Structure formats: C-alpha cells, structure tokens
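Trainee: Below is the structure I would like to discuss, written out as structure tokens.
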Amino acid sequence: MPTLMMEPKAMRDTLGDVILELAKTDPKVYVLDGDLANSTKINTVAEQFPQKFLQMGIAEQNMMGVAAGLATAGLQPWVSTFAAFLAKRCLDQVSVVVAQPKLDVKMLGGIPGC
C-alpha cells in the first residue's frame, strides 16, 4: 500500500488559508486583527480582501466591542490575536458584549506560547 506523503505545514499557515477561503466564499465574513496579521498569517485576507479586513491595533478590548457591533449588524466577525491576549485582555468584553447577548463572533487565539 503506498504511503501518502504530505508537505508539513505550520498550523498558522493553514489557518490563514482557511480564513482566506471563508472570506472568499461568505460575504458576511470579516476579519478583525490585533496588529498581528503577519504572525497569525491572516494577512492573506488583508492582501486579497482589504475591505473585509479591519486592523484594530493593540486594543483587544475595543476589537471585541467592534466585533459585537458587526455581529449585531448581521455580519460574521472573526477576531484574531495571540491566545494569551484573547484569554486575558478582553475577558470582560467577551463575557458582557459577546456571550451574554449570544452573538456570532468567532475568536481565533493563535501562538499560545507568547
């Protein structure tokens, strides 16, 4: 039986490819970035769909509020930052402005070792 050989690929590269494909196929998908697009590899969306990419800077709490607003308007925001920032810096906003009203906000926490 032949062995299937695949080229190894970093998880963050795969994530960038998947988010790009979502942005291509779903008009509601928007990506919000915490100034880490090159590190998390979602810069592919910024390059190909700049109108669907929102650079929020180093302001995770604010980014979560903007994502909640987009979700309220019927869009599907994908928030991307380092896992440590997602888990610690914007926990109150996740709880109050996203989870409590049950909004459709996707959260991507990459590179957990930082």
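Trainee: Of all residues in region 13-42, count the ones that are open to solvent by 30 Å² or more (accessible area, probe 1.4 Å), closer than 18 Å to Q76 by Cα and touching a Phe, Trp or Tyr at 6+ places or on another chain (Cβ under 9 Å).
Mentor: Result for region 13-42: 3.
Trainee: Would you confirm whether or not region 60-78 contains a residue that is surrounded by 19 or more Cβ atoms within 10 Å (Cβ to Cβ), polar (S, T, N, Q) and modelled with pLDDT of 90 or more?
Mentor: no
Trainee: Residue under question is D17, and the condition is that it be charged (D, E, K, R), touching a Lys or Arg at 6+ places or on another chain (Cβ under 6 Å) and outside any loop (DSSP other than H, G, I, E, B); does it hold?
Mentor: No; evaluated as a whole, the condition is false for this residue.
Trainee: Condition check: of a type in the set (K, R) and either farther than 17 Å from L103 by Cβ or modelled with pLDDT under 95 (or both). Does K28 satisfy that?
Mentor: No: the conditions fail for K28.
Trainee: Additional query: Does V98 fit the bill of being among the β-branched types (V, I, T), part of a strand (DSSP E or B) and open to solvent by less than 40 Å² (accessible area, probe 1.4 Å)?
Mentor: no
Trainee: Among the residues of region 34-81, write down those that are under 11 Å from the mean Cα position of the chain (by Cα), closer than 18 Å to P112 by Cα and in a helix (DSSP H, G or I).
Mentor: Correct list: A37, T40.
The values are calculated or read from the model by the stated rules, or taken from the named source; none is laboratory data. All values derive from a computational prediction rather than experimental measurement. Methodologically, a virtual Cβ is constructed for each residue, glycine included, from the backbone with ideal geometry; neighbour enumeration extends over all protein chains shown. The protein model used for the area step is the full one, side chains on, heavy atoms only, and it has no ligands, DNA or RNA in it. Shrake-Rupley method; radii C 1.70, N 1.55, O 1.52, S 1.80 Å.
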